[in-house]
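For reference, the structure discussed in these notes is given below.
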Amino acid sequence: MEPNTATDALLVIDLQNDFCPGGALAVEGGDEIVPTINLLAQKFAHVVLTQDWHPPAHISFASAHNGALPYTTIDASYGSQTLWPDHCVQNTPGAAFHAALSVPHAELILRKGFRTGIDSYSAFLENDHSTPTGLGGYLRERGLTRLFLCGLAYDFCVRHSAIDGTALDFECFIFEDVTRAVNLPGSVKATDQAFEEAGIQRVQSADILAL
Ligand code: VGL
Ligand code: ZN
């Protein structure tokens, strides 16, 4: 499989220090996928990086809900919201990209989750499932119709980005070996099912790197 330089984009989701081992919301093995992402990126003419980018006291931080524990949920005005440890606070080292991530030709860095009162797992829509981030319009205007997703975390931001991207009529593929999961109870299974129902195809990095 060879990426089409006119229509294909690689979306690298949230490859940030706080989601890697040692970070505030560490995803097991999150850093292991960085070398493969660097190689994959060389095969794509168009690469978009996303960056989780929260203000202090963001609604998704357990610390903002006196006494609430991380990994519990609250009823936000826009629906259920999982609470997390403080992570990816704007302009902190935890919000920076992993130091080994090397994609000099990345064309866009899309920040999300920057409003205090609403989270944004998806790169396309905030967690109210209606406020656009602008990414859909950006990709559409540029004629980028096929999206290959990798990064963190499989069961949250990769999941919701691929589902929303598909709903917006982008053809989405997941690089299965180039993502890692937070793995809350049931979250990986739910993601597998959601991808299956949406007809989202799984691909392997070797499908492209082995050329
Ligand atoms: C993410 C939880 C909270 C992610 C972001 O990138 O998957 N997960 N914020
Ligand atoms: Zn976040």
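Expressed as a rounded percentage, what relative contact order does segment 87-163 have, with Cα pairs under 8 Å and six or more residues apart?
Relative contact order of segment 87-163: 21 percent.
Which of the peptides 34-47, 115-128 is most tightly packed, and how do the rest follow, going by the mean number of other Cβ atoms within 10 Å of each residue?
115-128, 34-47
According to a simple spin-label model (label point 7 Å from Cα along Cα-to-Cβ), what is the distance in nm between D177 and A57?
That separation, rounded to one decimal, is 4.7 nm.
State, to one decimal in nm, how far the label point of A6 lies from the label point of A76, with both points 7 Å from Cα in the Cβ direction.
Reported label-point gap for A6 and A76 is 4.0 nm.
Would you grab the residues whose amide H sits under 5 Å from the one on H46? Only those 5+ places off in sequence or on another chain, please, with H modelled 1.01 Å from N.
L10
Scanning the chain for helices, which whole DSSP H stretches are 24 Å or more long along the axis (Cα) and average 1.0 or more by Kyte-Doolittle?
none
Counting Lys +1, Arg +1, Asp -1, Glu -1, what net charge surrounds C150 among other residues with beta carbon under 15 Å of its beta carbon?
-3
For n ≥ 4 DSSP H runs only, could you compute -39500 (n - 2.57) per run for the chain, divide by its residues and tell me the 222 nm figure to the nearest 500?
Per the formula, -5500 deg cm²/dmol.
List the residues, sorted by chain then number, that are 5 or more residues from I174 or on another chain and whose placed amide H is less than 5 Å from its amide H.
When sequence neighbours closer than 5 places are left aside, the close amide H contacts are L149, Q201, R202, V203.
Evaluate the distance, in nm, between pseudo-label points positioned 7 Å from the Cα of A68 and of L39 along their respective Cα→Cβ axes.
According to this spin-label approximation, the distance is 4.2 nm.
Quick note: the coordinates plus some simple rules give every number you see, no bench work behind them. Keep in mind it's a predicted model, so treat the numbers as computed, not measured. For neighbour counting, all protein chains shown are included, and Cβ atoms are generated from backbone atoms with ideal geometry for every residue, glycine included.
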